[in-house]
Amino acid sequence: MSRLKVTAALVAAIATLTACGGGGTTAGGGDGKSLSGQTVEVVGTWSGDEQLRFEQVLSAFKEKTGAEVRYTPAGDELPTVLQTRVQGGTPPNVALVAQPGLVEQLAKAGSLKPLSADVEKLVTEHNAAVWKKLGTFEGKLYGVYFKAANKSTVWYSEKAFGQVGAEPPKTWEDFLKVGRAVVDTGQAAVSVGGADGWTLTDWFENVYLRTAGPENYDKLAKHEIPWTDPSVRKALETLAQLWGDPRLVDGGGAGALQTEFPKSVINVFGEPPKAAMVFEADFVASVITTNTKAKVGEDAKFFKFPSIGGSKDAVVAGGDVAVQLKDDEATNELMKFLASPDAGKVWAQLGGFLSPNKDIPEDNYPDDVTRELAKQLVDAGDNVRFDMSDLAPAAFGGTKGAGEWKALQDFLANPADIDGTLQRLESEAAKAYQK
Amino acid sequence: MTVTATRSPAGSRAGGGRRKLAVDPTPGRSPRQAVPFLLPALLVLSALVLYPLVYSLVRSFFDRSGSTFVGVSNYVNLFTDPRTLTAFKNNVIWVVVAPAVVTGLGLIFAVLTERIKWATAFRLVLFMPMAISLFASGIIFRLVYEEDPKQGVVNAVTVGVHDLFSDPSPYPGARPRDGQPFTPAEEGFTSTKTFAPGTAVSVPLVGFQPGQIPKEASPASQPSSDARELRGVVWLDVSVGGKAGQLDQGERGMPGLVVEAVRDGQVVGRTTTGNDGRFTFPDLTSGDYTLRMPPSNFALPFRGLTWLGPSLITPVIISSWIWIMTGFAITFIAAGLSAIPRDALEAARVDGATEWQVFKRVTVPLLSPVLLVVFVTLVINVLKIFELVFVIAPGSVQEEANVLALQMWQVSFGAGGDQGVGSALAVVLFLLVAPAMLFNIRRFRREQS
């Protein structure tokens with residue numbers, strides 16, 4: 001009983017204090033430090049350099065509002081950490097999650113708080129509609145996409161292109177043509193990191209988004225159309241034009257299946273180079289910097305994934321979405337801050353960051369490469385689609401040696417077998433989605 | 001073992017005359033008094049071993065959520081899933097090959113090292129791999145078997161040996177440009193047209209790095225035709241802004257390339273290109289000739305084998321396990337060897353037996369109990385092999401290399417997380433290990449009695 005009283009007294013005291021604080025700031029002309037003394041806990045995946053940069057974003061929030069923010073990095077174990085804490089009744093205030101599936105699961109379980117109207121307004125204002133849709137479940141907005149990855153970039157070696165006088169291709173036909181010209185110089189056109197299944201799903205998603213269009217992409221992601229659909233066949237046929245020619249792919253299909261993703265980048269930018277181009281997301285740049293002597297922006301450049309059959313600009317993206325697990329003033333303020341361009345600007349200037357927020361001025365990004373990556377992401381507007389394999393059940397889209405990964409690996413080994421691949425994809429998908 | 005040892009004599013006595021034993025004459029052997037001493041161990045045992053075992057068994061009859069009873073459907077699912085069947089097949093290969101090879105090697109090494117001076121040091125070295133975690137060993141072997149000869153030591157050796165016996169070709173991978181009148185054949189690129197003396201043939205090649213043409217090569221030019229000679233030029237048709245199939249400025253000839261003139265299937269002339277890529281057949285009788293460039297010009301360098309590909313992956317992983325476990329076998333067998341009565345060996349030698357006969361007729365039979373224990377222990381070890389497969393097999397061949405323990409982990413905790421099927425797999429794995437365990441326990445018991 002007495003403890004209850006004490007608690008009540010404390011709550012009252014805090015309420016008075018905050019009320020006073022609030023009153024004080026209004027009187028003082030709004031220096032904005034209305035949240036002093038409150039603490040917000042944030043959980044995310046970033047560690048190392050990324051953690052330091054994100055903490056700068058958070059200290060900008062502290063400067064603005066006075067609230068303390070504590071950041072806990074959880075690395076790849078974030079889903080486990082988050083679920084454990086939710087079940088244990090001590091959720092963090094805010095979590096930054098990379099898996100939309102997890103957000104959906106938490107939202108359905110009622111662990112997430114719907115975002116306030118203020119945040120919703122900011123999200124609508126500063127982002128293409130597609131980002132809001134991605135954060136919405138059952139009609140309510142739960143997530144703000146804070147950091148994004150551009151997974152529609154093809155990186156090429158300037159030297160290899162120079163040898164044949166090639167320009168970055170804009171269409172799939174040109175892409176193949178440039179590839180064949182490169183083959184004449186004794187190099188392969190592309191190096192494919194086929195030992196890792198996720199690189200292959202990214203290939204497929206980019207081609208499918210362009211050959212089948214965003215609407216079909218959404219349907220396939222939800223398994224509303226089967227994988228035996230003619231649109232999937234078309235995408236595989238398009239891919240087979242590249243994968244089916246052993247001269248174009250470094251080492252042919254069998255060689256590619258022995259190549260891990262970092263190796264595929266080194267094959268292009270290391271010494272001696274074995275191929276001229278490698279496709280993957282924006283993080284190829286960091287692999288180049290850490291593993292080769294090539295300079296990003298000079299020796300290593302990129303172009304956007306070529307258009308197929310006149311398709312419009314489209315980007316396959318990944319990203320970290322901020323969700324709210326507690327409903328208090330400081331948390332609401334932090335979500336508002338993360339949804340505003342101010343937060344993104346801080347990290348953008350530090351580098352290694354892309355934002356879906358279209359109101360972050362281009363010159364906030366530190367170099368041309370990042371500027372271009374961010375611009376493509378924003379320019380694609382509503383043609384941005386989230387990585388399909390990340391939306392699918394993990395048994396299908398995220399398991400080593402199984403599901404979509406293995407089916408596409410088998411397809412890379414034998415690109416003539418389109419029928420078999422379609423059957424396999426569909427039967428694996430049916431099994432994974434039905435559960 | 002102590003449990004059974006204490007219980008059985010006490011039990012038999014209890015059965016013999018319970019009433020008489022109201023006061024136990026030998027208090028230390030009373031079952032009632034043993035209980036409090038055994039209780040802690042029993043508790044720990046049942047909490048850590050018995051309960052999980054029973055729970056897995058029960059869990060294997062429920063669906064993925066754990067709330068619906070599904071009967072044996074998890075087991076049906078298991079024996080119809082091609083991935084699990086591959087895992088079964090691989091496990092059989094493992095059990096048949098690996099323990100026998102390791103026991104054999106262990107025996108050989110133990111016997112051979114017995115007589116040398118530095119036996120302990122030698123065995124220590126062989127035992128060292130045991131000190132490394134399986135995970136780390138896996139990473140080592142992943143690199144050892146890497147396909148690129150610059151990284152994988154096995155392929156580096158293979159390629160080195162191969163190249164001792166065959167010279168590398170001057171222009172690996174080069175080929176006539178598509179659309180030119182040459183077709184690939186077993187004897188080399190053969191012209192589809194025929195040429196008579198007096199013509200000058202141009203042969204544009206592609207598929208070779210301009211920077212790798214020998215330094216002495218000079219810009220290629222079209223030879224003038226001469227009525228008595230069949231002439232031509234072979235050049236690398238790659239340059240910035242150059243037209244396909246045309247001799248453009250800056251395109252260089254390919255020296256040292258062998259060209260043959262063929263008539264009616266017979267090679268009648270053979271020549272080599274000069275620094276400007278030109279070749280000449282000076283004394284051909286008039287008539288039509290086919291031109292041919294033999295494959296020795298273009299053979300791709302030998303790159304070794306794809307060890308980590310789908311066909312070789314299981315043998316490769318087994319080989320790394322052998323490297324790790326041989327030390328274990330040696331240690332045990334060497335210990336057994338030192339316990340063999342020397343006089344038996346001496347007696348055999350005095351009777352005139354050769355060393356081989358001593359080994360076969362005396363050493364091995366006397367060692368057989370130890371060999372059997374080592375073998376059975378290894379079988380158990382092999383059945384639960386996991387890390388090596390997980391680490392060594394690249395993602396693209398993980399399915400081909402799959403084993404039951406890995407499959408169990410993937411099914412239960414990997415994507416999807418169906419712990420019902422996972423438990424079913426665990427039960428099957430347990431049933432497979434059980435006979436080996438029972439066998440070992442029986443042996444221990446027999447030795448004790």
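The values are calculated or read from the model by the stated rules, or taken from the named source; none is laboratory data. Just so it is clear, the structure is predicted and the values come from calculations on it, not from any experiment. Counting neighbours? That spans all protein chains shown, and the Cβs are built from the backbone with ideal geometry, glycine included.
Quick rundown of the values:
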quantity	calculated
Some residue of segment A:271-290 being outside any helix (DSSP H, G or I) and free of Cβ contacts under 8 Å to residues at least 24 places away in the same chain	yes
Qualifying residue in segment A:223-243 (condition: within 14 Å of another protein chain (Cβ to nearest Cβ) and touching a residue at least 40 places away in the same chain (Cβ under 8 Å))	yes
Test: residue in segment A:220-229 that is in a helix (DSSP H, G or I) and among the charged types (D, E, K, R)	no
Test: residue in segment A:199-215 that is within 12 Å of chain B (Cβ to nearest Cβ), of a type outside the set (S, T, N, Q), within 20 Å of the chain's Cα centre (by Cα) and buried (at least 21 other Cβ atoms within 10 Å of the Cβ)	yes
Answer from A:K159, A:K177 - the residue that is under 28 Å from A:G351 (Cβ atoms), surrounded by fewer than 22 Cβ atoms within 10 Å (Cβ to Cβ) and either over 27 Å from the mean Cα position of the chain (by Cα) or within 14 Å of another protein chain (Cβ to nearest Cβ) (or both)	A:K159
All positions within segment B:397-434 that are within 9 Å of chain A (Cβ to nearest Cβ), assigned to a helix (DSSP H, G or I) and free of Cβ contacts under 8 Å to residues at least 24 places away in the same chain	B:Q398, B:Q410
Index of the failed condition, A:A189 passing every other in (1) at the interface with chain B (Cβ under 10 Å from one of its Cβ atoms); (2) closer than 19 Å to A:K301 by Cα; (3) in contact (Cβ under 8 Å) with a residue 60 or more places away in the chain	(1)
Single residue of A:G270, A:G255 found to be of a type in the set (G, A, S), over 26 Å from A:F386 (Cβ atoms), more than 27 Å from the chain's Cα centre (by Cα) and within 12 Å of chain B (Cβ to nearest Cβ)	A:G255
Matching helices (runs of 4 or more DSSP H) fully within segment A:312-428 where at least 2 residues are within 14 Å of another protein chain (Cβ to nearest Cβ) and touching a residue at least 24 places away in the same chain (Cβ under 8 Å)	A:388-391, A:394-397, A:403-413
Condition met for A:K431 (within 14 Å of chain B (Cβ to nearest Cβ), over 30 Å from A:G251 (Cβ atoms), in a helix (DSSP H, G or I) and of a type in the set (D, E, K, R))	yes
Scan of segment B:306-318 for residues that are surrounded by fewer than 19 Cβ atoms within 10 Å (Cβ to Cβ) and either more than 11 Å from every other protein chain (Cβ to nearest Cβ) or touching a Cys at 6+ places or on another chain (Cβ under 9 Å) (or both), ordered by number	B:L312, B:P315
Considering residues of segment A:162-174 that are within 14 Å of chain B (Cβ to nearest Cβ) and surrounded by fewer than 20 Cβ atoms within 10 Å (Cβ to Cβ) only, the residue nearest to the chain's Cα centre (by Cα)	A:E167
Listing of strands (runs of 3 or more DSSP E) fully contained in segment B:182-295 that carry 2 or more residues being among the aliphatic types (A, V, I, L, M) and within 14 Å of another protein chain (Cβ to nearest Cβ)	B:200-206
Sole exception among (1) at pLDDT below 90; (2) surrounded by 13 or more Cβ atoms within 10 Å (Cβ to Cβ) for B:R115, by number	(2)
Residue within segment B:355-368 that is under 19 Å from B:I318 (Cβ atoms) and in contact (Cβ under 8 Å) with a residue 24 or more places away in the chain present	no
Among the candidates B:L432, B:L425, residue that is under 25 Å from the mean Cα position of the chain (by Cα) and either at pLDDT below 90 or surrounded by fewer than 22 Cβ atoms within 10 Å (Cβ to Cβ) (or both)	B:L432
Qualifying residues in segment A:106-157 (those that are outside any strand (DSSP E or B) and among the hydroxyl-bearing types (S, T, Y)) - the one modelled with the lowest pLDDT	A:S111
Residue under evaluation B:P365, criteria (1) of a type outside the set (S, T, N, Q); (2) closer than 20 Å to B:I330 by Cα; (3) within 14 Å of chain A (Cβ to nearest Cβ), criterion not met	(3)
Considering residues of segment B:143-195 that are more than 28 Å from B:A393 (Cα to Cα) and of a type in the set (F, W, Y) only, the residue modelled with the lowest pLDDT	B:F165
Single residue of B:F109, B:F69, B:F79, B:F88 found to be touching a Phe, Trp or Tyr at 6+ places or on another chain (Cβ under 7 Å) and away from chain A (no Cβ under 14 Å)	B:F69
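Listed here are the residues, each with its yes/no results for (1) closer than 23 Å to B:T285 by Cα; (2) surrounded by 13 or more Cβ atoms within 10 Å (Cβ to Cβ); (3) in contact (Cβ under 8 Å) with a residue 24 or more places away in the chain; (4) touching a helix residue (DSSP H, G or I) at 6+ places or on another chain (Cβ under 7 Å).
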residue	(1), (2), (3), (4)
B:T183	no, no, no, no
B:F195	yes, yes, yes, no
B:A200	yes, yes, yes, no
B:L205	no, yes, yes, no
B:F208	no, yes, yes, no
B:Q212	no, yes, no, no
B:K243	no, no, no, no
B:P255	no, yes, yes, no
B:V262	yes, yes, yes, no
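Conditions (1) out of contact with any helix residue (DSSP H, G or I) (no Cβ under 6 Å at 6 or more places or on another chain); (2) without any contact (Cβ under 8 Å) to a residue 60 or more places away in the chain, marked per residue:
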| site | (1), (2) |
| --- | --- |
| A:T136 | yes, yes |
| A:A149 | yes, no |
| A:V154 | yes, no |
| A:P169 | no, no |
| A:D174 | yes, no |
